Amino acid sequence: MPVKSYLARPHNGRFSELLHELSLIEGCDVIPSTNQEVAVLVTDTQTELEDNKLLSQINSIGSLKMLSMVSGFEVDS
């Protein structure tokens, strides 16, 4: 199963909106920074197809300015 981590940055002034939108997505854990408008996003999916769909869903969020993958690996079941 693909497990990936990202840094997510919002458009100016839309951090709360970004956190809310990300928290609604199944398969995502969101860890907000306490001193900057950036969040760590950890995704966990069962298949590469699910992972691609999840990434498309994340990238469609209007408050998201930048998404940068930090780490990605596949876990054998």
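The table below lists the values:
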| item | result |
| --- | --- |
| Test: residue in region 59-68 that is aliphatic (A, V, I, L, M), out of contact with any Phe, Trp or Tyr (no Cβ under 6 Å at 6 or more places or on another chain), open to solvent by 70 Å² or more (accessible area, probe 1.4 Å) and touching a residue at least 24 places away in the same chain (Cβ under 8 Å) | yes |
| Filter result for Lys65 (in a helix (DSSP H, G or I) and of a type in the set (Lys, Arg)) | no |
| Residue list for region 16-30, filter: of a type outside the set (D, E, K, R) and open to solvent by 60 Å² or more (accessible area, probe 1.4 Å) | Ser16, His20, Ser23, Leu24 |
| Members of region 47-57 that are of a type outside the set (A, V, I, L, M, F, W, C) and either more than 18 Å from Glu21 (Cβ to Cβ) or open to solvent by less than 80 Å² (accessible area, probe 1.4 Å) (or both) | Thr47, Glu48, Glu50, Asp51, Asn52, Ser56 |
| Identity of the residue in region 31-46, free of Cβ contacts under 8 Å to residues at least 40 places away in the same chain and open to solvent by less than 40 Å² (accessible area, probe 1.4 Å), that ends up farthest from Ser71 (Cα to Cα) | Ser33 |
| Gly13, sole failed condition from (1) under 11 Å from the mean Cα position of the chain (by Cα); (2) at positive phi; (3) loosely packed, with under 15 Cβ neighbours inside 10 Å | (1) |
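The values are calculated or read from the model by the stated rules, or taken from the named source; none is laboratory data. This one's a predicted model, so the numbers in the text were calculated from it and none came from an experiment. Cβ coordinates were reconstructed from backbone atoms using ideal geometry, including for glycine residues, and neighbour counts include every protein chain displayed. All accessible areas refer to the heavy atoms of the entire protein, side chains included, with ligands and DNA or RNA removed. Shrake-Rupley method; radii C 1.70, N 1.55, O 1.52, S 1.80 Å.
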